[in-house]
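Following: one structure in structure tokens, then a few remarks.
Quick note: the coordinates plus some simple rules give every number you see, no bench work behind them. The structure displayed is predicted, hence computed values, not measured ones. Positions of Cβ are generated from backbone atoms using ideal geometry, with glycine treated the same way; all protein chains shown enter the neighbour counts.
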Amino acid sequence: MRAEVALLTRNVRFRGDPKTSRMNEYGANIFLHSDGDDSLIGRIENVEMTDVGQGFKIGRYAVHFHQIGAVHKSYVKGCATHRGFNRAYTLHGTNYMKIMNNVVYDVKGHNIFIEDAVEKKNFLYRNCLVDVRRSWSGLNTD
């Protein structure tokens, strides 16, 4: 028998309110947007994200790269995202993004979401997605 083993804790923590987030499905989120190609560098590495994303809110995902174009120097790697209420990592109109070596556990909806299918040359590598939960707030496929 085989099993995946993944560490959910990190030294740097980003989280929603531990008292109300779960009850309201309203957690913290990171939203990145800029004027266009390579005008933004977003590097998120070795961060634990918990009680993140906002259920029933479009665009309020744990980490959302929104309409940026090319982001050659940006990445999300080595992170652990758990107890999420609306998707873990979303790429919307974003190209050349690297999402590598992350753990996602107990997050609702598409855990890695390529939003419009026009996104290109993104690199998704060695991510572990476990216990994906059904969401009633997004697409039918969520």
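Details
- Order of F65, F31 - criterion: other Cβ atoms within 10 Å of each residue's Cβ, fewest first: F31, F65
- Available extension along the chain between H66 and M100 is 10.4 nm, counting 0.36 nm per residue and deducting the alpha carbon span.
- Stretched out straight at 0.36 nm per residue, the stretch from V130 to K73 would grow longer than its current Cα-Cα span by 17.8 nm.
- Choice from E48, E115, E25 showing the highest fluctuation, given a GNM over the chain with Cα pairs closer than 10 Å: E115
- Fewest-first sequence of S34, S74 by Cβ atoms within 10 Å of each Cβ: S34, S74
- Only Cα pairs under 8 Å and 6+ residues apart enter the sum, and on that basis the relative contact order of segment 12-130 stands at 22 percent.
- Restricting attention to the chain, the count of lysine pairs at 8 or more positions apart or across chains with alpha carbons under 29 Å apart stands at 22.
- Computed over the chain, the per-residue total of -39500 (n - 2.57) for DSSP H runs of n ≥ 4 gives a 222 nm mean residue ellipticity of -500 deg cm²/dmol, rounded to 500.
- Within the listed set G16, G27, G36, the Gaussian network model of the chain (springs between alpha-carbon atoms below 10 Å) gives the highest mean-square fluctuation for G36.
- Order of M97, M23, M1, M49 under a 10 Å beta carbon neighbour criterion, fewest first: M1, M23, M97, M49
- Inter-label distance, nm, simple model (7 Å from Cα along the C-beta direction), R43/K121: 2.0 nm
- Taken along the Cα-to-beta-carbon direction at a fixed 7 Å, the label points for F56 and E4 span 3.0 nm.
- Alpha-carbon centroid distance for the pair segment 16-41 / segment 104-127, whole angstrom: 16 Å
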